[in-house]
Amino acid sequence: MPIELKVPEVGESITEVQIGTWKKREGEGVAMDDSIVEIESDKATVDLPAPAAGTVTKILKGSGEKARVGEVIGYLEPAGAAAATPAAPGGQPVVDVKRTGSRVDIGSVQMSSNEGARVMPAAARVLGEAGVAASSAQGTGPGGRVTKEDAIGAVAAAKAPAAVSKPAPVIAAASVPARTPGAREERAVLISPIRRRIAERLVEAQQQAALLTTFNEVDMSAVMALRNKFKDVFLQRYGVKLGFMSFFVRAAVEALRAVPQVNAEFRDPHIVYRDYADIGIAVGGGKGLVVPVLRNAETLSFAQIELGIADFAKRAADNKLKLDELQGGTFTISNGGVYGSMMSTPIINPPQSGILGLHAITDRPVAVDGQVVIRPMMYLALTYDHRLVDGREAVTFLKKIKDTIEDPTRLILEV
């Protein structure tokens with residue numbers, strides 16, 4: 001009996017999703033827990049895994065279509081469901097081949113009557129999809145049965161000579177159509193739910209908060225020297241590189257303690273202050289910018305911060321972040337410097353009241369003790385909600401970040 005592929009629950013209050021990319025097509029086999037299709041909501045993208053090994057027989061909702069939670073979007077035929085045959089000694093079902101004249105059929109695999117009467121279903125599917133005769137496979141299973149591994153080996157052996165003997169096609173330069181100068185082409189791409197939600201929240205932040213940005217610059221010499229001194233030992237001990245972000249997370253925690261308004265939330269008719277710091281780290285994901293949260297960052301070590309950020313970045317690229325990891329947060333750090341940004345005015349992530357923007361490190365001439373010297377400098381930007389945070393607090397906060405980064409021993413003494 002076919003298994004229904006239903007839209008799973010992807011988060012509280014989410015009732016409708018958008019179907020993303022189907023990773024398996026109709027008629028394509030899947031192993032248990034293989035990803036079949038991406039399910040996109042306005043907060044995260046999740047994969048729908050195969051509940052059993054089998055074949056995708058029907059797709060009801062195409063990519064880009066809407067579907068409700070619990071709705072059936074396709075069907076999966078379990079492996080061996082159509083074969084009422086005895087099981088092999090190891091418990092695996094086998095296919096008893098029926099003879100028709102001098103030929104017998106297993107799916108799309110054609111076998112002569114003297115080729116043996118039993119082929120494992122998985123092997124039959126592999127051979128059929130590749131168009132390789134069953135006679136090419138040497139059975140190593142119980143009773144000489146052809147297993148999936150036997151079939152894979154036969155397919156590889158059949159294709160190898162062709163790959164060697166068949167020369168690569170030569171395409172004449174004239175056969176490649178040249179792009180027409182001045183061509184005015186357009187492509188319409190469906191907006192993903194995450195991108196739509198990002199757009200909505202950015203507009204919401206601009207319309208509902210009194211945003212203002214203040215700037216400063218920081219000399220990165222001390223942090224860079226400290227990082228270069230201990231980066232090899234840090235990597236060897238913790239298995240992750242020591243980056244600059246952990247210094248800024250720790251510096252932000254100290255600054256939030258000193259200026260709690262930046263860590264607060266405007267919740268009319270109240271202002272809610274927090275004695276903890278959940279720091280959101282803006283990272284580029286497969287579907288757009290996402291902000292996973294380091295919970296209780298005030299309790300985390302440098303290694304824990306770096307491990308957490310590395311894990312977020314990897315899973316964001318694969319759209320594997322969990323929904324609860326993207327929710328909440330009391331303050332955000334965005335590092336546009338990794339893309340070469342020199343200066344920007346970041347937008348807060350509502351209902352937060354502040355966001356710290358980091359930028360590229362560049363060698364610039366600065367005055368130190370009456371002398372002009374070249375130092376690695378970075379511009380810092382703090383965008384804040386002026387309803388909660390006054391200019392004095394904003395400048396004090398950014399100055400605290402600057403002082404801590406320029407003298408990182410402050411992080412040890414917490415001063």
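Would you check if there is a residue in the stretch 357-374 being closer than 11 Å to residue 213 by Cα and surrounded by 14 or more Cβ atoms within 10 Å (Cβ to Cβ)? Spell out how you get there, then give the answer.
Applying the first criterion (closer than 11 Å to residue 213 by Cα) to the stretch 357-374 yields 357.
Next, only the ones that are surrounded by 14 or more Cβ atoms within 10 Å (Cβ to Cβ) stay: 357.
Looking through the stretch 357-374, at least one residue is closer than 11 Å to residue 213 by Cα and surrounded by 14 or more Cβ atoms within 10 Å (Cβ to Cβ).
Go through the stretch 123-143 and count every residue that is more than 28 Å from residue 26 (Cβ to Cβ) and at pLDDT 70 or above. Steps first, please.
Within the stretch 123-143, the subset more than 28 Å from residue 26 (Cβ to Cβ) is 135, 138-143.
Still in the list and also at pLDDT 70 or above: 135, 138-140.
So the answer is 4.
Residue check: is residue 24 of a type in the set (D, E, K, R) and either in the same structural domain as residue 124 (by TED's automatic domain parsing) or closer than 30 Å to residue 349 by Cα (or both)? Quick ask: steps written out before the conclusion?
On the way: of a type in the set (D, E, K, R): yes; either in the same structural domain as residue 124 (by TED's automatic domain parsing) or closer than 30 Å to residue 349 by Cα (or both): no.
For residue 24, the condition - of a type in the set (D, E, K, R) and either in the same structural domain as residue 124 (by TED's automatic domain parsing) or closer than 30 Å to residue 349 by Cα (or both) - is not met.
Determine, yes or no, whether residue 203 is of a type outside the set (Lys, Arg) and touching a residue at least 12 places away in the same chain (Cβ under 8 Å). I'd like the intermediate steps shown before the answer.
Details: of a type outside the set (Lys, Arg): yes; touching a residue at least 12 places away in the same chain (Cβ under 8 Å): no.
So residue 203 fails the test.
Could you check, for the stretch 297-317, whether at least one of its residues is closer than 22 Å to residue 266 by Cα and either surrounded by fewer than 16 Cβ atoms within 10 Å (Cβ to Cβ) or touching a Pro at 6+ places or on another chain (Cβ under 9 Å) (or both)?
no
So residue 249 passes all but one of these: (1) more than 14 Å from residue 408 (Cβ to Cβ); (2) crowded, with 20+ Cβ neighbours inside 10 Å. Which condition number does it fail?
Of the numbered conditions (1) more than 14 Å from residue 408 (Cβ to Cβ); (2) crowded, with 20+ Cβ neighbours inside 10 Å, the odd one out for residue 249 is (1).
Are any residues in the stretch 303-332 touching a residue at least 12 places away in the same chain (Cβ under 8 Å) and within 17 Å of residue 242 (Cβ to Cβ), and if so, which ones?
Within the stretch 303-332, 303, 305, 306, 307, 308, 309, 310, 312, 313 meet the criteria.
Scanning the stretch 147-180 for residues that are outside any helix (DSSP H, G or I) and either of a type in the set (S, T, N, Q) or at pLDDT 75 or above (or both), which turns out surrounded by the fewest Cβ atoms within 10 Å (Cβ to Cβ)? Don't jump to the end; show me each part of the working.
Taking the stretch 147-180 as the starting set, the residues that turn out to be outside any helix (DSSP H, G or I) are 147, 166-172, 176-180.
From what is left, the residues that are either of a type in the set (S, T, N, Q) or at pLDDT 75 or above (or both) are 147, 180.
Working: 147: 21, 180: 8.
So, considering only residues that are outside any helix (DSSP H, G or I) and either of a type in the set (S, T, N, Q) or at pLDDT 75 or above (or both), the one surrounded by the fewest Cβ atoms within 10 Å (Cβ to Cβ) is 180.
When you scan the stretch 328-347, how many residues do you find that are outside any strand (DSSP E or B), in contact with a Gly (Cβ under 7 Å, 6 or more places away or on another chain) and either among the hydroxyl-bearing types (Ser, Thr, Tyr) or farther than 16 Å from residue 260 by Cα (or both)? Reasoning before the result, please.
Applying the first criterion (outside any strand (DSSP E or B)) to the stretch 328-347 yields 328-330, 336-347.
Filter again for in contact with a Gly (Cβ under 7 Å, 6 or more places away or on another chain), leaving 329, 336, 344, 346.
Right, trim to either among the hydroxyl-bearing types (Ser, Thr, Tyr) or farther than 16 Å from residue 260 by Cα (or both) and you get 336, 344, 346.
Qualifying residue count, the stretch 328-347: 3.
The values are calculated or read from the model by the stated rules, or taken from the named source; none is laboratory data. Please read all numbers here as calculations on a predicted model, not as lab measurements. Cβ atoms come from the backbone with ideal geometry, glycine included; neighbour counts cover every protein chain shown.
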